[in-house]
Amino acid sequence: MAEKTDYSLILVIDDEESIRDGCRQVLEKSNYSVITSANGDEGLQLAREISPAIAFIDLKMPGLSGMEVVDILSKDIPDTVLIVITGYASIVSAVEAMKKGVYDYLPKPFTPDQLRAIAQRGIDHRNLKLETQILRKEKKEMENNFITFVSHEMRSPLVTIRQYMESLKVVAGDNLGGDAVDIIKRCSKRIRNLEELVEHWLDLRRIDEGTLVRKKKPMNLSGTIMKCIDEMEPLCTRRDLTLEVNVPADLPTMVGDKESLSRVFINIIGNATKYTPKGGTLSIRAEYDDHYIVITIADTGIGIPSDKFLLIFEPFYRIKGKGDQYRGSGLGLSFCKKIMKAHDGRIEVASEEGKGTTFSLTFSRQTHPVTKRGKEESSAREKGRTDS
Amino acid sequence: MMTTKTKKKKKKKKKKKKKKILLIDDDRDFLMATKVILEKGGYEIFMAEDGKSGIEMIKSISPDLAIIDMMMETWGEGFNVVSRIRSLEGGKDLPLIILSAVDLQGPYQSFEPSDESPTVNMVLHKPLKADDLLRYVDQLTQ
């Protein structure tokens, strides 16, 4: 620690020449570089220019007072340790200064030893403060880099493995028997699952860091849902499911993040297709009143046992005993729950085993400040609704 | 270098010249895996593991197509390589495929090519299905 303090810059602001000279002599002997100033204005300017390690400030000075200097410097150069010199042993003003962020006070008259001791403590304090700052910055950087790191370091190998699988098929060509092709297919599928797990986990991290739902904008909910439904339709056809859609085109505009909400819809619809046997029905509806917009996704699938309703929203929870065919990351619904929460909405489930499951997503309609225009808008909406 | 040249000559005699494809990706394994697929499709493959040597190779071998990973070292590096290629003499018309391992969603959305970003002929997502890749490459090298 002692080495670090060598040549640290110390500024002394005091109108008494004897104090300035005394401080200089004592501190320079202890290997500090000392700059002095006889008044508040000049001291302030100097301090801003040189950002000293410590500034000793006399509280009682003609012109700009010590307290004013403290006020300004504690904001302008927060890394400088401020120590006040109190001429009239006034504890009251010293306490006041300390409330403003001064590190310590030095009552006049003081001995060289007292001055050296307080300077040393000030330097130690500053070094600790700076170290903490650096550590904090590093920690923040690490956190920020984490996601980039994970996505590159964990996903790329998986992608590369899948690419190798693909080239293996090409290289082996017709030499591969049906069993071998099947094995490659199964490998690829498991790798894909692992990739999904990484992706979902990243999504959850992003929500926790608030970076996923950051682009909330007024959005057309009907359009967003319909786009998701379009995207999922081929899957329904493939699985021989009937798709019933009843989403009014005039759902009220809401403020949200289109991107993440789309993923919620796709997730829930995807689950419904996954857990509904061939020939079943998927029904997607949207309704609204003055306070809420509710979207329901109902299926005629295998259902969820009622004692598991709460657990399904927990990360990594999967209903056991459903076999290999339903393997997922176990993070999808907890993702949905977090996204809904970020939109002040909620997600609920009703289900009966063997009959089907209904997920409902409820959004509160954002309350607009009651202006004349707002009223007109809402009455127009009412009208639109009765028309449809 | 010599061996490649003689090989090329031999094959030229056999049938018409092979189309040259340059792969630029900092993942050597990904390069190898993709190379195998493209070679099976009858192309001659050159590989570069970073943008700088990729650009050098474009100058020296003048490929018929370049496939560039967008996420080398830093995200978006691929786009930088693309702009450099486009500013090369004759680089304007070189067919380019850019590869991305993420689906340009979420926080990466801002990297969606804008009007100012250099034009590529195609954006494909990793991993590449063998027949898709061969079909697209075939299209672009016609």
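Modelled label positions at A:A350 and A:V198, each set 7 Å beyond Cα in the direction of Cβ, lie 4.1 nm from each other.
For chain A, the relative contact order works out to 10 percent when only alpha carbon pairs closer than 8 Å and six or more residues apart are counted. Under 5 Å from the amide H of A:V245 lie the amide H atoms of A:I284, each residue being 5 or more positions distant or on a separate chain, with H modelled from the backbone and absent for Pro and chain starts. Taking label positions 7 Å along the Cα-Cβ direction at both A:F309 and A:D113, the computed distance is 7.6 nm, reported to one decimal.
Summarising the strand pairing of chain A, around 50 percent of its internal DSSP beta bridges are antiparallel. Relative to its Kirkwood radius, the Cα radius of gyration of chain A gives an Rg/Rh of 1.24. Spatially, the range A:191-267 and the range B:23-95 are offset by 34 Å when compared through their Cα centroids. Quick one: compute the contact order of the range A:2-110, relative version, from alpha carbon pairs under 8 angstrom and 6+ residues apart, as a percent. The value is 23 percent.
Put simply, the amide H of B:I68, placed in the peptide plane, has neighbours under 5 Å in B:I24, B:I97, B:I98, B:L99, leaving out anything fewer than 5 places away on its chain.
For the pair A:A180 and A:Q366 in one chain, pulling the backbone fully straight at 0.36 nm per residue adds 61.4 nm over the alpha carbon distance. 3J(HN,Hα) along the range B:129-136: 5, 3, 6, 4, 4, 5, 5, 4 Hz, from the Karplus curve 6.51 cos²θ - 1.76 cosθ + 1.60 with θ = phi - 60°, whole Hz, x for Gly and Pro. Taking 0.36 nm per residue of separation and subtracting the Cα-Cα distance, full extension of the segment from B:E56 to B:Q142 would add 28.5 nm. What share of Cα pairs, in percent, lie more than 23 angstrom apart in the range A:2-110? Roughly 18 percent, rounded to a whole number. Seen against the Cα atoms of chain A and their longest principal axis, helix A:112-150 is set at about 20 degrees.
For the residue pairs A:K99/A:K129; A:K100/A:K140; A:K215/B:K52; A:K308/A:K355; B:K35/B:K126, the alpha carbons lie more than 26 Å apart in A:K100/A:K140; A:K215/B:K52. Kindly list the residues of the range A:29-57 that lie in the label zone of A:H125, defined by a backbone N under 17 Å from the point 7 Å along the Cα-to-C-beta vector. Counting only backbone N, you get A:52-57.
For chain A, the longest principal axis of the Cα atoms and the long axis of helix A:332-342 meet at an angle of about 50 degrees. Against chain A, whose longest principal axis is taken from its Cα atoms, helix A:66-76 shows a tilt of about 30°.
I need the calculated FRET efficiency for the pair A:L9 and A:E96, taking r as the beta carbon distance and R₀ as 25 Å, to the nearest 0.05. Result of the calculation: an efficiency of 0.40.
Here the extension length gained between A:D230 and A:K278 equals 15.4 nm, from 0.36 nm per residue of separation less the Cα-Cα distance.
All of the numbers you see were taken from the coordinates with simple rules; none came from a lab. The structure displayed is predicted, hence computed values, not measured ones. Using ideal geometry, Cβ is built from the backbone for each residue, glycine included, and neighbour counts are taken over all protein chains shown.
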